[in-house]
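Following: one structure in structure tokens, then a few remarks.
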Amino acid sequence: MTAAVEIAGITKRFGEVVAVDNIDLQIDDGEFFAMLGPSGCGKTTTLRMIAGLEFPTEGSLKIFGNEVGTLPPNKRPVNTVFQNYALFPHMSVRDNVSFGLRMQGTTKSEANRRAGELIELVQLTGLESRKPGQLSGGQQQRVALARALVNKPKVLLLDEPLGALDLKLRQEMQNELKSLQRELGVSFVFVTHDQEEALTMSDRIAVMDKGKLLQVGTAEELYERPLNRFVADFIGQTNLLDATVADDDMIVLGNGTKIKAPNPHSPGTKVAMSLRPEAIEIGRRGDVPADHVATSLNGVVSAMNYLGHSLVYQVKIDWIDLEVRTDPVASEDRLGPGDDVSIWWDRTADWVVPDE
Amino acid sequence: MSIIEQTVDEPIDGLVATPEFEAANEAQQRRRGFLMALPAFAYLILFFAVPLVIVIVYSFATRNRFGGTDLNGWNLESYRGLGDDLVRQILVRSVVLAAITTVICLLIAYPFAYYMSTRRPAVRNLMLVGVMIPFWTNFLVRNYAWYVILGTDGPFSQVTEFVGIGETRLLFTQTAVVMGLVYGFLPFMILPLYAAIERIDGRLLEASRDLYANGFQSFRHVLLPLSMPGVIAGSILVFIPSLGAYVTPEILGGAKTTLLGSYIVTQFLSARNMPFGASLSTVLMIVMLTATLVYFRKGGRTL
Amino acid sequence: MSGVITPRGASRTLLSINSLLVFLFFYAPIILLIIFSFSDNRNVGVWGGFTLDWYGEFADSQPTRKALWNSIQIAVASTIVSVVLGTLGALALERFTFRGKQVFDALLYLPIIIPDVTMAVMMLLFFAELAGVLGLSKGFATITLSHIAFSISFVSVVVRARIAGMDERLEEAAMDLYASRWQAFRYVTLPLIMPGILGGGLLALTLSLDDVVITQFVAGPGWTTLPVFVFGLIRKGVTPLINAVSVVMLLASMALVALSLFVQRVRTTDSA
């Protein structure tokens with residue numbers, strides 16, 4: 001099967017700045033694919049290159065097997081839902097939606113008929129004559145969707161499509177987008193800086209930073225088995241402890257403590273150990289179960305916060321503060337600031353990533 | 001789903017992107033921009049930049065015996081003419097009148113602009129329209145209106161007579177010229193001042209009052225400094241055209257109130273001393289450019 | 001909500017009185033001028049009973065009508081040219097980078113800030129030196145060319161403001177929706193910047209109809225505009241005919257203001 005989008009060795013430079021640095025990426029047909037990263041990481045530039053709004057400095061960009069790298073946007077079988085929608089303010093909803101068909105030479109009556117179907121699909125029937133300025137944010141979002149989808153794009157691109165909506169509407173639209181995508185079977189490629197949005201909606205996620213593609217995988221893969229320090233830190237909350245590899249089963253933390261941690265790196269490699277706050281157990285000093293001694297540390301509680309569904313401790317371990325999250329019911333015996341404690345975790349809970 | 005289905009289109013052909021393609025595309029964009037700018041650019045070079053250079057060239061030329069201009073033999077003769085007593089008098093008078101006009105405009109416009117920015121949006125827009133109308137109204141006609149008002153036995157004189165000050169003869173005096181200039185250029189002061197004051201966060205004034213400033217202190221230390229860009233922009237917009245004013249002094253002023261603008265015109269239309277007129281124009285232009293540059297340096301963005 | 005806190009008490013009273021006086025100052029002269037244009041008295045500032053004679057004289061005066069017609073022709077011609085050139089220039093500056101852009105930008109600003117008199121001198125000497133080369137005699141051509149020279153700048157400033165306020169992504173969206181460059185301009189950019197183009201055009205029209213100084217320097221014998229003609233009459237000796245002509249010019253100005261306010265209204269509702 002040919003990939004919907006196939007990117008090979010794409011680089012984009014703006015003068016001295018490398019916005020996208022030699023990335024390779026495949027997006028499958030029918031996939032809900034997210035590009036995630038902090039602002040300025042190159043995700044939007046990548047999306048704009050797929051759309052044809054920027055030309056790559058070099059590299060190959062194929063859509064269903066056809067090279068499109070040098071084609072202008074109006075020659076590409078993809079459509080975009082823009083950030084803040086970019087609806088034409090001087091046109092009615094109907095004219096906005098039928099615009100793409102009209103530009104391709106479809107007759108006015110046929111274009112209006114098809115626009116009507118899409119307007120129905122996004123549940124805006126009755127608002128055809130309104131101008132975008134007279135619609136709510138959520139309605140504008142639907143118009144933007146209909147305007148892109150009416151052209152039967154082979155890939156739909158979405159640039160921060162939910163960024164302008166308030167929280168409640170955003171959650172609602174997340175579900176709608178997801179079911180719309182399933183219904184249509186078209187690949188959706190969307191760009192977001194919101195990791196929760198990326199995790200809940202997408203089949204696969206690409207994490208980018210500083211123009212580089214750091215990891216592509218399912219939400220679970222990114223969370224459980226990050227490939228590097230940035231991804232570990234960016235996806236979810238975690239504690240990162242600097243360490244050096246001793247052998248394939250042991251690392252040495254910054255303060256000299258040896259920790260059992262299976263890893264594929266050669267001895268002497270600088271690494272970071274990722275420990276999710278909810279994977280850590282906490283107890284009074286010396287309460288460590290015998291089989292967890294190799295994966296434990298001693299510390300002092302510096303703060304405790306009660307959050308209803310969990311208790312969050314800040315534990316000072318020599319040189320670093322760790323966050324520990326426990327179930328408030330399970331820990332009848334509450335610890336307070338100043339208490340000497342031990343923390344421990346299952347061998348499978350820690351995860352070693354190369355430092356940088 | 002029937003509305004959206006994957007259709008097999010004819011294959012589309014593009015090329016693999018290369019730095020050369022990117023560069024060619026950017027070059028094409030630049031060419032496109034240049035071609036769009038070209039008509040106006042060429043027009044301004046021919047009908048503005050070239051005339052500007054001609055004026056500067058003329059200012060170094062010599063006037064010959066027949067009132068013509070001899071472009072050979074460059075000299076500073078006409079700039080020396082600036083030191084002439086009569087010319088100095090005219091320069092000083094022009095600067096003083098332009099300065100007085102600017103100060104009066106500022107004193108009237110500042111409270112007006114401030115008051116305007118405190119009104120409800122509807123009232124504010126109405127006041128703005130009220131200022132815009134004279135701004136757009138024919139300048140000559142507006143000056144002429146003052147000719148009618150200030151004339152002998154005219155409405156102004158009748159009013160002063162009625163209130164017991166007695167008959168006034170203001171027409172053809174410097175006072176009339178200043179009145180005409182203030183009338184003509186007041187909107188140029190109000191609009192940038194309003195734009196500057198309206199942008200100020202009202203909470204800053206409240207904060208200053210909370211910190212024990214009285215009304216004047218909060219004006220002096222908060223409102224005024226924050227609205228300074230508007231004060232400077234408005235002052236430049238009033239001072240420069242006042243300095244070069246020609247229509248107003250010609251209509252409302254008399255023989256004894258010749259100002260720079262009229263004096264320059266005289267050099268060309270009657271005295272036929274073009275090099276001297278050109279040097280005066282050059283000086284006026286340099287004053288204008290300096291003022292504008294200072295304004296932009298101080299962080300002003302638009303005039 | 002207004003940005004600045006509302007003054008109270010005495011200062012508020014003083015401020016409102018000041019504003020009232022400003023409006024009185026703005027409008028009393030205009031209203032008086034209109035009143036006196038109907039006055040049956042040869043002294044232009046003294047009431048002498050109602051008459052329409054001066055308007056009749058205006059209608060009968062051949063040179064006045066000719067000057068009015070000249071003004072209209074020049075205003076229309078210079079507006080059309082400056083709108084086209086100014087709009088293209090504005091688009092180039094807001095949407096493209098090109099060699100010489102900064103020089104162009106600066107050159108475009110100069111006619112706005114240069115004093116009238118200096119520009120008048122520039123055009124006078126320019127046509128004196130080059131009239132032979134260009135084959136121009138003083139009159140319609142020289143006046144129109146001069147008016148275009150300052151109007152381009154005003155048009156481009158107004159249009160630029162409009163383009164700057166327009167989301168660049170709307171053009172990208174059009175291209176993404178299969179519009180060619182030209183179609184994107186024709187169906188998206190142009191309609192959206194139209195209020196700016198109209199506003200700039202009205203400004204150019206007003207400036208052309210207003211100008212005295214520059215026109216006076218480049219006008220030829222027997223070929224002049226209405227304001228220059230009126231200016232000449234005022235200096236020769238005032239007659240009530242001038243009142244009537246002035247009121248006609250005033251009404252023309254007002255009509256243009258009304259139009260531009262209407263355009264501005266379209267502008268604000270569009271972007272809502």
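The values are calculated or read from the model by the stated rules, or taken from the named source; none is laboratory data. This one's a predicted model, so the numbers in the text were calculated from it and none came from an experiment. A quick note on method: Cβ atoms are made from the backbone with ideal geometry, for glycine too, and the neighbour counts reach across all protein chains shown. SASA here: full protein model, heavy atoms, side chains in, ligands and nucleic acids out. Shrake-Rupley method; radii C 1.70, N 1.55, O 1.52, S 1.80 Å.
Points worth noting:
- Sole exception among (1) in contact (Cβ under 8 Å) with a residue 60 or more places away in the chain; (2) more than 7 Å from chain C (Cβ to nearest Cβ) for residue B:38, by number: (1)
- Matching entry among C:33, C:24 (being surrounded by 14 or more Cβ atoms within 10 Å (Cβ to Cβ) and out of contact with any strand residue (DSSP E or B) (no Cβ under 6 Å at 6 or more places or on another chain)): C:33
- Taken residue by residue, the stretch A:137-146 has no member that is surrounded by fewer than 17 Cβ atoms within 10 Å (Cβ to Cβ) and either facing chain C (nearest Cβ under 9 Å) or in a loop (DSSP other than H, G, I, E, B) (or both).
- The strands (runs of 3 or more DSSP E) found entirely in the stretch A:23-110 that carry 3 or more residues being more than 19 Å from the chain's Cα centre (by Cα) are A:58-63.
- Scanning the stretch A:172-189 turns up no residue that is under 10 Å from the mean Cα position of the chain (by Cα) and either more than 20 Å from residue A:78 (Cβ to Cβ) or surrounded by 20 or more Cβ atoms within 10 Å (Cβ to Cβ) (or both).
- Evaluated against (1) assigned to a helix (DSSP H, G or I); (2) open to solvent by 70 Å² or more (accessible area, probe 1.4 Å), residue B:42 falls short on exactly one condition, (2).
- Of all residues in the stretch C:227-236, those satisfying the criterion of being open to solvent by less than 40 Å² (accessible area, probe 1.4 Å) and either touching a Cys at 6+ places or on another chain (Cβ under 9 Å) or over 17 Å from residue C:33 (Cα atoms) (or both) are C:228, C:232.
- Wholly within the stretch A:188-262, helices (runs of 4 or more DSSP H) carrying at least 3 residues that are at pLDDT 95 or above and in contact with a Lys or Arg (Cβ under 8 Å, 6 or more places away or on another chain): none
- Hey, residue B:102 open to solvent by less than 60 Å² (accessible area, probe 1.4 Å) and over 27 Å from residue C:200 (Cα atoms) or not: yes
- Residues that are among the small types (Gly, Ala, Ser) and surrounded by fewer than 16 Cβ atoms within 10 Å (Cβ to Cβ) within the stretch A:147-171 comprise A:163, A:164, listed in sequence order.
- Listed by position, the helices (runs of 4 or more DSSP H) inside the stretch B:122-212 whose residues that are touching a Lys or Arg at 6+ places or on another chain (Cβ under 9 Å) number at least 3 are B:174-198.
- Residues in the stretch A:111-136 that are assigned to a loop (DSSP other than H, G, I, E, B) and in contact (Cβ under 8 Å) with a residue 24 or more places away in the chain: A:122, A:124, A:127, A:128, A:129, A:130, A:131, A:135.
- Flag for residue B:82 being within 24 Å of residue B:188 (Cβ to Cβ), more than 9 Å from every other protein chain (Cβ to nearest Cβ) and of a type in the set (A, V, I, L, M): no
- Criterion violated by residue C:186 - all others in (1) within 9 Å of chain B (Cβ to nearest Cβ); (2) over 22 Å from the mean Cα position of the chain (by Cα) satisfied: (1)
- Note on the stretch A:47-73: among residues that are at the interface with chain B (Cβ under 8 Å from one of its Cβ atoms) and under 12 Å from residue A:20 (Cα atoms), the one that is most open to solvent (accessible area, probe 1.4 Å) is A:58.
- Among residues of the stretch B:149-186 being facing chain C (nearest Cβ under 8 Å) and within 24 Å of the chain's Cα centre (by Cα), the one that is farthest from residue B:235 (Cα to Cα) is B:183.
- Test: residue in the stretch C:200-214 that is over 12 Å from the mean Cα position of the chain (by Cα), closer than 22 Å to residue C:124 by Cβ and assigned to a helix (DSSP H, G or I): yes
- Any hit, the stretch B:89-109, residues being within 9 Å of chain C (Cβ to nearest Cβ) and touching a residue at least 24 places away in the same chain (Cβ under 8 Å): yes
- Restricted to helices (runs of 4 or more DSSP H) entirely inside the stretch B:226-303, those with at least 2 residues that are open to solvent by less than 40 Å² (accessible area, probe 1.4 Å), over 23 Å from residue B:63 (Cα atoms) and in contact with a Leu (Cβ under 8 Å, 6 or more places away or on another chain) are B:228-243, B:247-252, B:274-297.
- Selection count where residues are touching a residue at least 12 places away in the same chain (Cβ under 8 Å), among the aromatic types (Phe, Trp, Tyr) and facing another protein chain (nearest Cβ under 7 Å), scope the stretch B:41-60: 1
- The residue pairs whose first member lies in the stretch A:232-261 and is open to solvent by 50 Å² or more (accessible area, probe 1.4 Å), whose second member is in a strand (DSSP E or B) and small (Gly, Ala, Ser), and whose beta carbons are closer than 7 Å, counting only pairs six or more residues apart or on different chains, are A:242/A:272; A:254/A:243; A:258/A:246.
- Among (1) part of a helix (DSSP H, G or I); (2) open to solvent by 50 Å² or more (accessible area, probe 1.4 Å), the one test that residue C:42 misses: (1)
- Close pairs from the stretch C:196-218: first more than 8 Å from every other protein chain (Cβ to nearest Cβ), partner open to solvent by less than 10 Å² (accessible area, probe 1.4 Å) and not in a helix (DSSP H, G or I), Cβ under 7 Å, at least 6 apart: C:215/C:225
- Residue selected from the stretch A:292-310 under the condition modelled with pLDDT under 90 and farther than 21 Å from residue A:274 by Cβ, by the criterion least open to solvent (accessible area, probe 1.4 Å): A:308
- Scanning the stretch B:159-188 for residues that are within 21 Å of residue C:23 (Cα to Cα) and open to solvent by 40 Å² or more (accessible area, probe 1.4 Å), we see that the one that is modelled with the lowest pLDDT is B:159.
- Residue count, the stretch B:61-86 (criterion: in a helix (DSSP H, G or I) and without any contact (Cβ under 8 Å) to a residue 24 or more places away in the chain): 4
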